[in-house]
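Participant: Supplied in structure tokens, the structure appears directly below.
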There are 2 protein chains.
Amino acid sequence: MSQRRWPPASTRSLSLAAFGSFHVGGRAVALQGLPPRTVRLTNAGTPAAIDPNGTHWVEAMYAQYFVPQPQRFGPPLMLWHGGGLTGACWETTPDGREGWLPYFVRRGWATLSCDAVERGRAGFAPTPQVFLDAPMHQPVHWAWDRFRIGAGSGSWHDDPQRRRPMPGGRFPVQAYDRFVKQFVPRWTETDEAILRGYLALIDEVGPCCVLAHSQGGQFALQAAQARPDVVQAVVLVEPSGFANPAQAHTLRRTPILVVQGDGQRLEGRSAALRERVDVYFDVLRAAGVTVELLDLPAQGIGGNSHMMMMDLNSDDIAGLIATWLESQRLVDLGPPMS
Amino acid sequence: MSQRRWPPASTRSLSLAAFGSFHVGGRAVALQGLPPRTVRLTNAGTPAAIDPNGTHWVEAMYAQYFVPQPQRFGPPLMLWHGGGLTGACWETTPDGREGWLPYFVRRGWATLSCDAVERGRAGFAPTPQVFLDAPMHQPVHWAWDRFRIGAGSGSWHDDPQRRRPMPGGRFPVQAYDRFVKQFVPRWTETDEAILRGYLALIDEVGPCCVLAHSQGGQFALQAAQARPDVVQAVVLVEPSGFANPAQAHTLRRTPILVVQGDGQRLEGRSAALRERVDVYFDVLRAAGVTVELLDLPAQGIGGNSHMMMMDLNSDDIAGLIATWLESQRLVDLGPPMS
């Protein structure tokens with residue numbers, strides 16, 4: 001196990017103009033015909049008959065914001081997590097270093113860290129009345145095997161001393177057991193609800209940039225297609241999905257940066273996925289969309305895991321992304337405060 | 001509906017020495033005998049056979065911390081939410097004002113905002129393998145009816161214009177629809193796992209004060225009993241439960257402040273609950289425990305809802321709590337940074 005997390009590691013002070021959060025989006029659904037339940041809500045209470053029928057608000061999402069003082073860039077940056085994760089993945093690395101959320105805030109970006117519909121503080125809808133399927137829970141070895149953290153087949157062991165990490169890997173493997181505590185259950189048939197939530201968020205916030213990881217990538221692309229005048233730039237960190245290629249032209253005004261890690265270590269399903277994603281980006285380029293590839297191994301940066309925002313060189317990669325973002329022609333809205 | 005949330009309301013700047021988060025606690029469980037599932041994890045992927053069996057990490061919890069610069073008080077303050085809620089309830093009020101989390105950070109308290117086991121970014125365990133029951137989802141009218149926001153029976157309506165708020169009430173009712181988006185499902189048989197999570201958090205952090213709301217109250221009292229040398233003060237905002245009265249003497253070193261709102265508006269189940277809680281605090285006092293009551297109506301402060309950290313006078317109540325906390329003899333650990 002990794003070291004204690006309190007007191008937090010010493011660091012430079014950070015000045016904020018504002019921090020807070022809000023929920024946004026969702027819809028009302030009427031549930032009826034459900035049986036009443038008798039529950040005890042607290043140890044000082046008596047059993048109560050609870051009627052779960054009535055109007056429920058479902059499929060809202062959560063965003064937490066940090067506005068630095070001074071704010072150097074006009075449009076806020078949104079961080080959209082991957083599958084099975086929440087906004088927590090951007091905050092502190094499993095081994096206790098500052099993550100990409102503080103990185104971008106310190107650099108002068110007003111930043112929103114989001115929990116998508118069904119994830120984290122967004123909450124989830126009644127199952128199977130609204131979410132039709134059961135959620136998926138990840139065993140602890142999945143990320144080890146699938147995220148280029150372990151050395152491949154047979155490298156996992158419940159005993160940390162007997163695991164074989166990826167040779168030359170950048171993930172802080174001694175903190176892997178801390179990392180897996182971050183995983184939350186996910187559904188697999190909620191894509192449309194998640195996208196609706198992100199669109200409600202964009203409509204609330206206005207002009208913005210989106211930095212999305214893994215599963216978040218498809219929503220970032222779809223949102224940029226749906227709101228081409230609002231989403232000003234998109235950064236995709238190892239995206240696992242895409243938007244409709246037949247509408248590629250709608251992305252012409254949105255510069256896109258794709259960040260890919262250690263491609264040569266990909267095998268099997270991950271390699272096939274990468275191939276399909278690459279084909280999609282070629283379709284975008286052919287339609288006149290600006291798609292730049294930040295291929296880390298090609299730049300001599302090897303060993304990164306799929307969770308590169310937690311890797312030992314996470315700040316270096318954030319710096320490359322920030323430099324790209326700051327070189328785009330973004331609408332400068334000025335500081336958000338009056 | 002309430003107004004847009006971006007850009008955030010103008011406010012004073014705030015200097016932080018650190019902010020971040022961690023997950024803590026939980027346990028490994030081995031799941032076996034579950035059927036494989038075929039799922040499609042992304043729109044670029046192909047259907048995959050997923051084996052849910054194996055070791056899962058369950059019942060961890062989440063804490064996000066904000067260390068102000070300068071930090072005026074040694075022991076950090078933990079905020080523990082109530083039932084069906086997450087740490088989001090402390091951040092920004094539904095009508096967009098700063099909540100108690102920024103309040104205490106601005107005042108100089110290193111503050112941890114927590115998501116208990118099963119709630120928010122803590123995630124939840126497989127059901128019914130680990131959590132034996134199904135979660136409970138709250139219809140939108142529950143809080144209106146039960147939290148002294150509405151005017152009682154028959155005052156709710158799905159149309160905001162046709163609702164009847166509590167006369168003289170302090171809840172920002174025009175933002176009620178924003179508030180209900182915060183509710184997340186909750187289980188009713190997870191008390192022991194939640195308490196274990198909080199104890200793991202305390203063991204990680206060390207000396208601390210706890211401010212708990214509603215359902216959080218029973219865990220704060222139980223945690224203080226289990227860690228009497230570590231939990232230095234407890235504030236209970238309308239607690240809905242308690243610890244074992246037979247062990248009241250173990251709380252003798254822990255000063256307790258109980259904050260109660262508009263008692264005269266209580267009726268039915270809430271009044272009976274309040275009565276049982278009051279009896280418990282009398283048992284504590286008889287055992288030599290310091291229990292102070294901050295009875296808001298007795299101080300001329302009427303109309304508060306159960307969600308007083310969101311009420312229009314939320315800062316006033318936070319001020320009364322902070323003054324009490326700062327008058328206790330807390331171990332001053334000095335600033336946490338080296």
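The values are calculated or read from the model by the stated rules, or taken from the named source; none is laboratory data. Here the structure is a predicted model, which means the values were calculated and not measured. Using ideal geometry, Cβ is built from the backbone for each residue, glycine included, and neighbour counts are taken over all protein chains shown.
Participant: Go through the stretch B:29-52 and give me each residue that's closer than 28 Å to B:Gly197 by Cα and either within 7 Å of another protein chain (Cβ to nearest Cβ) or charged (D, E, K, R) (or both).
Facilitator: Passing the criteria: B:Asp51, B:Pro52.
Participant: Could you check the stretch B:1-49 for strands (runs of 3 or more DSSP E) lying wholly inside it with 1 or more residues that are polar (S, T, N, Q)?
Facilitator: Details: elements: B:14-24, B:27-31, B:37-39.
Where strands (runs of 3 or more DSSP E) fall fully within the stretch B:1-49 and carry at least 1 residues being polar (S, T, N, Q), they are B:14-24, B:37-39.
Participant: Taking the stretch B:98-117 as the search range and keeping residues that are in contact with a Gly (Cβ under 9 Å, 6 or more places away or on another chain) and charged (D, E, K, R), which one is nearest to A:Ala17 (Cα to Cα)?
Facilitator: The residue in question is B:Glu98.
Participant: To continue, here is another question. For the stretch B:139-169, what are the residues that are out of contact with any strand residue (DSSP E or B) (no Cβ under 8 Å at 6 or more places or on another chain) and either in a loop (DSSP other than H, G, I, E, B) or hydrophobic (A, V, I, L, M, F, W, C) (or both)? Let's see the steps before the verdict.
Facilitator: Step one: list which residues in the stretch B:139-169 are out of contact with any strand residue (DSSP E or B) (no Cβ under 8 Å at 6 or more places or on another chain), which gives B:142-143, B:145-148, B:152-154, B:157, B:159-162, B:167-169.
Passing the criteria: B:Trp142, B:Ala143, B:Phe147, B:Arg148, B:Gly152, B:Ser153, B:Gly154, B:His157, B:Asp159, B:Pro167, B:Gly168, B:Gly169.
Participant: Ok, one more. Taking the stretch B:170-204 as the region of interest, how many residues are assigned to a loop (DSSP other than H, G, I, E, B), modelled with pLDDT of 95 or more and more than 8 Å from every other protein chain (Cβ to nearest Cβ)?
Facilitator: Residues meeting the conditions: 5.
Participant: Please indicate, with yes or no, whether at least one residue in the stretch A:54-69 is in contact (Cβ under 8 Å) with a residue 40 or more places away in the chain, more than 9 Å from every other protein chain (Cβ to nearest Cβ) and under 24 Å from A:Thr11 (Cβ atoms).
Facilitator: Checked against the condition, which is being in contact (Cβ under 8 Å) with a residue 40 or more places away in the chain, more than 9 Å from every other protein chain (Cβ to nearest Cβ) and under 24 Å from A:Thr11 (Cβ atoms), the stretch A:54-69 yields at least one hit.
Participant: Among (1) touching a Leu at 6+ places or on another chain (Cβ under 8 Å); (2) more than 23 Å from B:Thr111 (Cβ to Cβ); (3) not β-branched (Val, Ile, Thr), there is one condition B:Glu292 misses while meeting the rest; what is its number?
Facilitator: Unmet condition: (2).
Participant: Where residues in the stretch B:158-181 are charged (D, E, K, R) and over 24 Å from B:Gly87 (Cα atoms), which of them is surrounded by the fewest Cβ atoms within 10 Å (Cβ to Cβ)?
Facilitator: It comes out as B:Asp159.
Participant: Among the numbered criteria (1) over 21 Å from A:Gly84 (Cα atoms); (2) hydrophobic (A, V, I, L, M, F, W, C); (3) under 20 Å from the mean Cα position of the chain (by Cα), which single criterion is violated by A:Ala243?
Facilitator: Of everything listed in (1) over 21 Å from A:Gly84 (Cα atoms); (2) hydrophobic (A, V, I, L, M, F, W, C); (3) under 20 Å from the mean Cα position of the chain (by Cα), A:Ala243 misses just condition (1).
Participant: Which one of these does A:Ile149 not meet: (1) at negative phi; (2) more than 8 Å from chain B (Cβ to nearest Cβ); (3) surrounded by fewer than 23 Cβ atoms within 10 Å (Cβ to Cβ)?
Facilitator: Among (1) at negative phi; (2) more than 8 Å from chain B (Cβ to nearest Cβ); (3) surrounded by fewer than 23 Cβ atoms within 10 Å (Cβ to Cβ), A:Ile149 violates only (3).
Participant: So, A:Arg121, is that one touching a residue at least 12 places away in the same chain (Cβ under 8 Å), more than 7 Å from chain B (Cβ to nearest Cβ), of a type in the set (Lys, Arg) and touching a Gly at 6+ places or on another chain (Cβ under 9 Å) or not?
Facilitator: no
Participant: Residues being within 21 Å of A:Arg27 (Cα to Cα) and assigned to a loop (DSSP other than H, G, I, E, B): count how many of those fall in the stretch A:205-242.
Facilitator: 2
Participant: Consider B:Leu101 carefully, then state whether it is in contact (Cβ under 8 Å) with a residue 12 or more places away in the chain, more than 10 Å from chain A (Cβ to nearest Cβ), of a type in the set (A, V, I, L, M) and outside any loop (DSSP other than H, G, I, E, B).
Facilitator: Answer is no for this residue.
Participant: While we're on this one: With the structure loaded, tell me whether B:Leu251 is without any contact (Cβ under 8 Å) to a residue 60 or more places away in the chain, crowded, with 22+ Cβ neighbours inside 10 Å, in contact with a helix residue (DSSP H, G or I) (Cβ under 9 Å, 6 or more places away or on another chain) and not acidic (Asp, Glu) or whether it fails that test. Give the derivation first.
Facilitator: Values: without any contact (Cβ under 8 Å) to a residue 60 or more places away in the chain: yes; crowded, with 22+ Cβ neighbours inside 10 Å: yes; in contact with a helix residue (DSSP H, G or I) (Cβ under 9 Å, 6 or more places away or on another chain): yes; not acidic (Asp, Glu): yes.
In short, yes.
Participant: Which residue is modelled with the lowest pLDDT, if the candidates are limited to the stretch B:60-79 and must be out of contact with any Leu (no Cβ under 8 Å at 6 or more places or on another chain) and over 25 Å from B:Thr254 (Cβ atoms)?
Facilitator: So the first thing to find is which residues in the stretch B:60-79 are out of contact with any Leu (no Cβ under 8 Å at 6 or more places or on another chain), and the list is B:60, B:62, B:70-72.
Keeping just the survivors that are over 25 Å from B:Thr254 (Cβ atoms) gives B:60, B:70.
On the way: B:Ala60: 98, B:Pro70: 93.
For the stretch B:60-79, the residue satisfying everything is B:Pro70.
Participant: Touching a residue at least 60 places away in the same chain (Cβ under 8 Å) and in contact with a helix residue (DSSP H, G or I) (Cβ under 9 Å, 6 or more places away or on another chain): which single residue out of B:Pro165, B:Pro160 fits that description?
Facilitator: When all the criteria are applied, what remains is B:Pro160.
Participant: To continue, here is another question. Take the stretch A:194-253 and flag every residue that is closer than 19 Å to A:Ala110 by Cβ and charged (D, E, K, R).
Facilitator: A:Asp203, A:Glu204, A:Arg227 - these are the residues of the stretch A:194-253 that are closer than 19 Å to A:Ala110 by Cβ and charged (D, E, K, R).
Participant: Just one of A:Leu330, A:Leu284 is in contact with a Pro (Cβ under 8 Å, 6 or more places away or on another chain), surrounded by 14 or more Cβ atoms within 10 Å (Cβ to Cβ) and part of a loop (DSSP other than H, G, I, E, B); which is it?
Facilitator: Exactly one of A:Leu330, A:Leu284 is in contact with a Pro (Cβ under 8 Å, 6 or more places away or on another chain), surrounded by 14 or more Cβ atoms within 10 Å (Cβ to Cβ) and part of a loop (DSSP other than H, G, I, E, B), namely A:Leu330.
Participant: Pairs, please: C-beta under 9 Å, at least 6 apart or cross-chain, first residue within 20 Å of B:Tyr176 (Cα to Cα) and in the stretch B:302-327, second part of a helix (DSSP H, G or I) and of a type in the set (Lys, Arg)?
Facilitator: Final answer for the pair search is B:Gly302/B:Arg265; B:Gly303/B:Arg265; B:His306/B:Arg146.
Participant: While we're on this one: Any chance the stretch B:187-198 includes a residue that's over 30 Å from B:Leu330 (Cα atoms), out of contact with any Pro (no Cβ under 6 Å at 6 or more places or on another chain), touching a residue at least 12 places away in the same chain (Cβ under 8 Å) and of a type outside the set (D, E, K, R)?
Facilitator: yes
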